[in-house]
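Step one of this worksheet: look at the structure below.
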Amino acid sequence: MTDLVPLLAGAVAGERRALARLLTAIEGGADGVRELIPSLFAASRGAHLVGITGPPGSGKSTLVNALATVWRRRGRRVGILAVDPSSPFTGGAIMGDRIRMMEHAGDLDVFVRSMASRGELGGLAGTTWIAAAVLDAAGYDPVVVETVGAGQSEVEIARLAETTVVVEVPEMGDEVQAIKAGLLEVADVIVVNKGDRPGAELAARQLRAMLSSVGGRITRQPPAILTTTALDGAGVDALADAIDAHRAAARAPDQAMQRARNQLRRAAAEIGVRAATAHPEWEELVEAVAERRVDPVTAAERLVGLRS
Amino acid sequence: MTENERTTPIRVLIAKPGLDGHDRGAKVLARGLRDEGFEVIYTGLRQTPEMIADAAEQEDVDVIGMSILSGAHMTLLPRVAELCRERGMDDVLIAAGGIIPDADVTKLKAIGIGEVFGPGTSIGQIARYFREHARRSA
Ligand SMILES: Nc1nc2c(ncn2[C@@H]2O[C@H](COP(=O)(O)OP(=O)(O)OP(=O)(O)O)[C@@H](O)[C@H]2O)c(=O)[nH]1
Ligand SMILES: [Mg+2]
């Protein structure tokens, strides 16, 4: 077993190899990760956690690359976690986000790490945010997490970020209505990327009109809507401004409480499931539920110790 | 940890050093290895040894696989091996694919390149070699 404490110390001291190995340990759920978490969170330097999500191919990685250029110019050290899905059949993955970020190869102040989702049910968000905390402790700020915007786990990652950027393309057309609910739920900033293509401004206007006409009670600040061309950097300074500006809003007490609530809910759910499945009576109760001798809710309550 | 106990996928960096050509072969290999259960980090064309070593370090890969067509293999491949050693990545398996004369293959193996796969090597063979020779534990 690798001792993780020296790895954390090394990462905090700026050793890239230690940082990389610690990320591997966290990703793999190595022994010792659980014990490391308190010191890991204590070592936080308060990095801005930024989630970048959106449909496949919308230009997220290219945009992260362009944002990193702007942030580097502003003297920031940028940590990037690029998450790609694992194949549910083989467990393998191809992670190609790095190709779009080669502009920063050789810059020691940009750290890019590719992570496969590894298909753990709901585990992705947990692991990713521990990894983000490591980059924070290592002195990277902002820490950016890129995920493909499909599926529940990605929405959850977005919920755990302080600032979530949703990247769309001009051709979204009829999807606008479908996107609406999801967007409102998670987006702090909406980007219409590929601004060099026809219809980008129109799409941005439609989004603005749509979001301003939403009925009901909205507790969130409506998202900023911007247009970028990630390939040549047009609009990316303004996007970096919008992200940086949102940091303060994200740290207002009510937002911080909301995020803490989400973090706790996720951790509690994970711990609850782990406790239940590790319970000596798990198999017995599974059988009992299968044979309808007990209902699943009562069984679950017993497994987490709410009922004897 | 022994081989059989390894619970996480082997991480492989696939890169194409040198200035030449296309990356069709490298992409086919990347997909093939994905289908064999590897986690493949694909970094594309025109990589310098420094870029490859940087990426391998950040990604903490178990294997670096380089596809090389140009005649520059005797400078590029040793340089990658040297950079890996300098950075304490002695345990990273380095392999190359391409048309490389036998005499050079012998020299490359002597300086830390694990294996050189000639044209026509199947992805299954490469996968087996990686599984057998990649470092074991995280
Ligand atoms: N025309 C145009 N193409 C762009 C722009 N930004 C990105 N692209 C292209 O869109 C394609 C996908 O870009 P990526 O950055 O890989 O997109 P992504 O959202 O990260 O993709 P996944 O991670 O696979 O979901 C690439 O061919 C980019 O060159 C842009 O502003 N304009
Ligand atoms: Mg991407």
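The values are calculated or read from the model by the stated rules, or taken from the named source; none is laboratory data. Keep in mind that what you see is a predicted model, and the values were worked out from it rather than measured. Here Cβ is always computed from backbone atoms with ideal geometry, including for glycine, and neighbour counts include all displayed protein chains.
Worth pointing out:
- Only one entry of A:Leu49, A:Leu63, A:Leu40 meets the criterion of being away from chain B (no Cβ under 14 Å), in contact with a Leu (Cβ under 7 Å, 6 or more places away or on another chain), of a type outside the set (S, T, N, Q) and in contact (Cβ under 8 Å) with a residue 40 or more places away in the chain, and that entry is A:Leu40.
- The residues in segment B:29-62 that are touching a Phe, Trp or Tyr at 6+ places or on another chain (Cβ under 9 Å) and either closer than 11 Å to B:Val80 by Cα or crowded, with 22+ Cβ neighbours inside 10 Å (or both) can be counted, and the count is 5.
- Candidates are the residues of segment A:94-105 that are touching a helix residue (DSSP H, G or I) at 6+ places or on another chain (Cβ under 6 Å) and within 7 Å of another protein chain (Cβ to nearest Cβ); the one that is nearest to A:Asn65 (Cα to Cα) is A:Ala105.
- The helices (runs of 4 or more DSSP H) found wholly in segment A:1-103 and carrying at least 3 residues that are outside the structural domain of A:Trp129 (by TED's automatic domain parsing) occupy A:4-12, A:16-27, A:33-42.
- Just one of (1) within 14 Å of ligand 2 (Cβ to nearest atom); (2) in contact with a strand residue (DSSP E or B) (Cβ under 7 Å, 6 or more places away or on another chain); (3) in contact (Cβ under 8 Å) with a residue 24 or more places away in the chain fails for A:Ile94. It is (3).
- All told, A:Arg34 falls short of being within 14 Å of another protein chain (Cβ to nearest Cβ), free of Cβ contacts under 8 Å to residues at least 12 places away in the same chain and surrounded by fewer than 20 Cβ atoms within 10 Å (Cβ to Cβ).
- When residues of segment A:96-108 are limited to those that are over 21 Å from the mean Cα position of the chain (by Cα) and surrounded by fewer than 19 Cβ atoms within 10 Å (Cβ to Cβ), the one farthest from ligand 1 (Cβ to nearest atom): A:Leu108
- First in segment A:222-236 and free of Cβ contacts under 8 Å to residues at least 24 places away in the same chain, second anywhere and surrounded by fewer than 22 Cβ atoms within 10 Å (Cβ to Cβ), Cβ under 8 Å, 6 or more apart: A:Pro222/A:Leu211; A:Pro222/A:Ser212
- Test: residue in segment A:58-73 that is basic (Lys, Arg), farther than 27 Å from B:Gly88 by Cβ and within 15 Å of ligand 2 (Cβ to nearest atom): yes
- Test for A:His48: is it crowded, with 17+ Cβ neighbours inside 10 Å and within 16 Å of ligand 2 (Cβ to nearest atom): no
- For A:Gly29: the one exception among (1) within 14 Å of chain B (Cβ to nearest Cβ); (2) of a type outside the set (Val, Ile, Thr); (3) touching a helix residue (DSSP H, G or I) at 6+ places or on another chain (Cβ under 7 Å); (4) away from ligand 1 (no atom under 16 Å from the Cβ): (3)
- The condition of being touching a Leu at 6+ places or on another chain (Cβ under 6 Å) and small (Gly, Ala, Ser) holds for only one of A:Gly79, A:Gly75, A:Gly54, that being A:Gly79.
- Scanning segment B:15-51 for residues that are within 15 Å of B:Ala81 (Cα to Cα) and at the interface with chain A (Cβ under 9 Å from one of its Cβ atoms), we see that the one that is modelled with the lowest pLDDT is B:Gln47.
- Of all residues in segment B:112-138, exactly one satisfies the criterion of being of a type in the set (A, V, I, L, M, F, W, C) and at pLDDT below 90, namely B:Ala138.
- Residue that is modelled with the highest pLDDT, among those in segment A:42-95 that are away from ligand 1 (no atom under 15 Å from the Cβ) and among the polar types (S, T, N, Q): A:Ser44
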